[in-house]
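First comes the structure, then the notes that go with it.
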Amino acid sequence: MNISVRWLKELAPGLKGTPEELSDRLAMYGIPVDESTDLGAPLGDVLVARVVEVGRHPNADRLSLCVVDAGGAEPVQVVCGAPNVRSGAWYPFAPVGATLPGGVKLKKVKIRGEESQGMLCSPKELGLGRDHAGIMELHGEYRPGEPFVAALGLDDHRLVLDVTPNRGDLLSHLGVARELGPVGEAGLEIPPLPGSAGTPAPGWTRGEGAVEGAGVRLALEDAEGCPRYLGLILRGVRVGPSPEWLAARLRAVGARPINNVVDATNYVLLELGQPLHAFDLDALGGAVVVRRARPGERLTTLDAQDRALTGAVLVIADAERPVALAGIMGGQASEVTDATTDIFLECALFDPARVREGRRVLGMSTDASYRFERGVDPEGLERAALRAAELIQATAGGTVDPVALDAQGGVWERPVVRLRRARVRQILGQALEDEALAGYLTPLGFDLTPVPDGFDVRVPGARSYDVTREIDLVEEIARRHGYDAFPSVLGPYRPTAVPDAPLEGLEDRLRTLLAGLGYLEARSAPFAPEEDGDVPLAKPLSAAESRLRRALAPGLLHRVEGNFARGERNVRLFELGTAFLPGGADGRPLEETRLAAAWTGDRHPPHWSGTAAAFDLWDVRGVSARVAEALGLSVAAAPDATEAPGWLEGRRAFVLHATDGAVCGWAGEVRATAVDAPAWAGTVWALEVQLTDAMAAPRPATYCPVPTQPPVERDLALLLPDGVSAAGAEEVVRSAAGEHLEAVEVFDVYSGEELPAGARSVAYRLRFRAPTRTLTDEEVDRAVERVLKRLREEAGVERRG
């Protein structure tokens, strides 16, 4: 939200402080200021000048030669390429030697052979808007050569506020002035408008659902979508450029002036936070209906887009067709043009959810929808409508019809929230007197009625969307008291008797484990494209993510692709999240908590001591074993026939099993088609495992005493046929070696021409140890012979000679 400091101080006359001081106060109230800009600083060299004469450039069809009076001893010649330059008009002028926003310093130059001694400026060149099509024409009485900043009232500061979605009241200067004013609501004043004859006072014709008057019938067919709709009629207006004070006020907050009628509605939007819309009365045919769009209806909006409407869209219609998108944008057929003389001025209260739904379906967003979605003040409609009518009369003339329309779907009343002293003391840790509580809430517009245990607080309309519970009032008190004003002490507390959810502790242990292995945790939304999910979303945020994910690994692989796109080849990521599967009760999806990891690149970061090898399948086995140990699972090589997830290469994969043999997870090489990897990227590996409460159950710690006897080691080089895995041979070794086998390790793998066809050599180191005595060579040899015999009989494995 862009805020003008000068405008703020007009609304709150007692407001003091520099822009920096006001920014600090807003930040302490929980409203950070992202940017503070001195609007006049970069425009100090710009003057107001009058174009005395305009002629054609002799050497260019699209350039003009202008004689410009900038207050000097003699007029100067300027070459101008803008199509809207005309003699007798006033424009901002940058003379030779001036510096414009962006650091551009003007020099005397020749353009197509003609000398140009300065530049007539557009709003974009001055940093006052985006319009670069023509120079900025000024409307009013000026003196040639007077400073542009002073003439247009741009000696102002613009504050850019970071407004949270719950604070729709801060999307106006009035709302911000309420926060900063010395006495809050009571000290606010709506400043008089230049040229105004006073606030109009039409007679309101009110009715429930429908009302008629001044030749217009107003009806609410969807009272839930529009609880209240006000209409004022102005006749005999003259549409044209806005006076310079109004255009300058809009430019100060980054808005582009259009014409005096549209600018009046935008002015009230920015001042009071109430969106309004002006219709050409003759285009409405005497009827204004608020309803849902009907099948097949279309509307060309003010941005020249032809839009297909659905029943989710709330529209303003005449007797036959839609003329505007309610709370979003008007239509071209009913827009105010230079030929418009009679206006129907709309000021409505639209349901935030209904506006949000229509805006999402149409894929558009406007200043009006942004405010309606966050909630506008139900108590401020009449004030805003009359303020806009007054401003239109002051700038475009015309008269307000003595009959104004007010169609209501129901009477809005301020909600009442109970505030207890004890609750305030409990939450804030500090007792506050009743006078202090009232002093914090009353300036913000809250009405307090004392009750035995505290106050009944009537919430003003501007805050009725945000303050709905007692805790919201406590938050307001804390904000106004000042978070830095509370004592920095540790008060008494009571630890909870409710244990953590079983998986919480397990997830923390997994985070510690993987972070220790060099992995970074990723957090992603559970939305996925159609090929990665089975559960459709009722209202997807985008067509590209219309499902809930069935697995975490594909999303992590997209994060890996993002790193590849930025030139990073060494990536280690993990995520703890939820996967969604169909088949739950009452049509709801099944939810599974899962752990996923994805990694690629080198085992170690680059170092001057040498290069690191890339991750390989044994690293996958190691990571899987560490995760399996933490979860109480076992790891086994996946046979080729095993059905692996679609993102996994089944031939180079491992399966994580529970004690009952159920498959809990997978790990291994990612299919080349599952990740978009550049040519320089290494192999991508991934892991995903389902987490259950049983895995989180505490397991008794096993004590293993320090050995007191020496080990006896034997190395066996075995010829394994291609159909026998190293892990399968290891299982036979462990089952046949006997009780004194302590460990089995693979320390060499070899394949070559001297080996039999279809075989490879895998060397195992067997370590034997007895807990109370030294083993003899004969005992170990007998154990080795048993191992070799079982290998021959069960797996066809021979000892390499």
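The values are calculated or read from the model by the stated rules, or taken from the named source; none is laboratory data. Keep in mind the model is a prediction, meaning the values are calculated, not measured. Cβ: placed from backbone, ideal geometry, glycine included. Neighbour counts: every protein chain shown. Please note that ligands, DNA and RNA were not included when accessible areas were found on the heavy atoms of the full protein model with its side chains. Shrake-Rupley method; radii C 1.70, N 1.55, O 1.52, S 1.80 Å.
The packing ranking of peptides 745-755, 176-186, 225-235, highest mean first, is 225-235, 176-186, 745-755, where packing means the average number of other beta carbon atoms within 10 angstrom of each residue.
Taking each DSSP H run with n ≥ 4 as -39500 (n - 2.57) and averaging over every residue of the chain yields -7000 deg cm²/dmol at 222 nm.
Relative to the Cα centre, the charge distribution of region 112-246, modelled as +1 at Lys and Arg Cβ and -1 at Asp and Glu Cβ, gives a dipole magnitude of about 320 debye. Charge dipole of region 645-801 (Cα centre as origin; +1 on each Lys and Arg Cβ, -1 on each Asp and Glu Cβ, all else neutral): 180 debye, rounded to the nearest 20.
Using the beta-carbon distance between residue 485 and residue 734 and R0 = 60 Å, what value does 1/(1 + (r/R0)^6) give for FRET efficiency, to the nearest 0.05? List each step's numbers first, then the result.
Values: r = 68 Å, r/R0 = 1.13.
The pair residue 485/residue 734 has a calculated efficiency of 0.35.
I want the local charge near residue 783. Using Cβ-Cβ distances under 13 Å, sum +1 for each Lys or Arg and -1 for each Asp or Glu among the other residues. Once positives and negatives cancel, what remains is 0.
Shape analysis of region 574-697 yields a ratio of the Cα radius of gyration to the Kirkwood radius, Rg/Rh, of 1.02. For residue 621 and residue 235, the difference between the fully extended length at 0.36 nm per residue and the C-alpha to C-alpha distance is 130.8 nm.
Packing, as the average of other Cβ atoms within 10 Å across residues, places the peptides 242-248, 531-537 in the order 242-248, 531-537, highest first.
Full extension of the chain between residue 586 and residue 566 gives 2.8 nm of extra length, using 0.36 nm per residue less the Cα-Cα distance.
Per the 1.4 Å probe, what fraction of the accessible area of the chain, in percent, lies on carbon and sulfur atoms?
Numbers: 19530 of 38920 Å².
That share works out to 50 percent.
Put the Cα centre of region 219-298 next to the Cα centre of region 46-77 and the gap is 38 Å.
The protection proxy used here, the mean number of other Cβ atoms lying within 10 Å of each residue, ranks peptides 653-660, 250-257 as follows, highest first: 250-257, 653-660.
For region 153-272, report the convex hull volume of the alpha-carbon atoms normalised per residue, in Å³, without decimals.
So the per-residue Cα hull volume is 177 Å³.
The translational diffusion coefficient of region 650-801, from Stokes-Einstein at 4 °C and 1.567 mPa s with a Kirkwood hydrodynamic radius over alpha carbon pairs, comes to 69 µm²/s.
Report D for region 375-471 in µm² per second (integer): Stokes-Einstein, Kirkwood Rh on Cα pairs, 37 °C, 0.692 mPa s. The diffusion coefficient I find is 201 µm²/s. In units of the rule-of-thumb radius 2.2 N^0.38 Å, region 723-801 shows an alpha carbon radius of gyration of 1.17.
If you take all C-alpha pairs in region 292-348, what percent of them are over 17 Å apart?
On the way: 556 of 1596 pairs.
The calculated P(r) of region 292-348 puts 35 percent of pairs beyond 17 Å.
Calculated accessible area for the chain comes out at 49 Å² per residue, all protein chains present (probe 1.4 Å; ligands, DNA, RNA ignored). For the pair residue 339 and residue 776, label points projected 7 Å from Cα toward Cβ lie 11.8 nm apart. Among rounded, prolate and oblate, which fits region 602-662 when a ≥ b ≥ c are the square roots of the eigenvalues of its C-alpha gyration tensor, a/c under 1.5 means rounded, and a/b larger than b/c means prolate? Oblate, since a/c reaches 1.5 and b/c is not below a/b. If R0 is taken as 22 Å, the Cβ-Cβ distance between residue 306 and residue 365 corresponds to a FRET efficiency of 0.75.
Here region 506-659 is treated with +1 on each Lys and Arg Cβ and -1 on each Asp and Glu Cβ, and its dipole about the Cα centre works out to around 320 debye. Kirkwood hydrodynamic radius computed over the chain comes to 33.7 Å, based on all pairs of distinct alpha carbons. Coordinate range of the alpha-carbon atoms in region 97-236 per principal axis, descending: 71, 42, 32 Å. For the pair region 445-483 / region 413-441, the C-alpha centres are spaced 7 Å from each other.
For residue 40, the shell of other residues with beta-carbons less than 9 Å away shows a net charge of -3, using +1 for Lys and Arg and -1 for Asp and Glu. Using a Cα-Cα cut-off of under 30 Å, which lysines could be cross-linked to residue 108, ignoring same-chain neighbours fewer than 8 residues away? Partners found: 124. Give me the percent of DSSP beta bridges within the chain that run antiparallel, rounded to the nearest 5. Bridges in the chain are about 90 percent antiparallel.
Rounded to the nearest 10 degrees, the inclination of helix 617-631 to the longest alpha-carbon principal axis of the chain is 80 degrees. Comparing Cα centroids, region 346-366 and region 78-134 end up 41 angstrom apart. The average projected area of region 217-359, computed from the convex hull of its Cα atoms over all directions, is 8.4 nm². Dividing the convex hull volume of the alpha carbon atoms of region 39-122 by its residue count gives 96 Å³ per residue.
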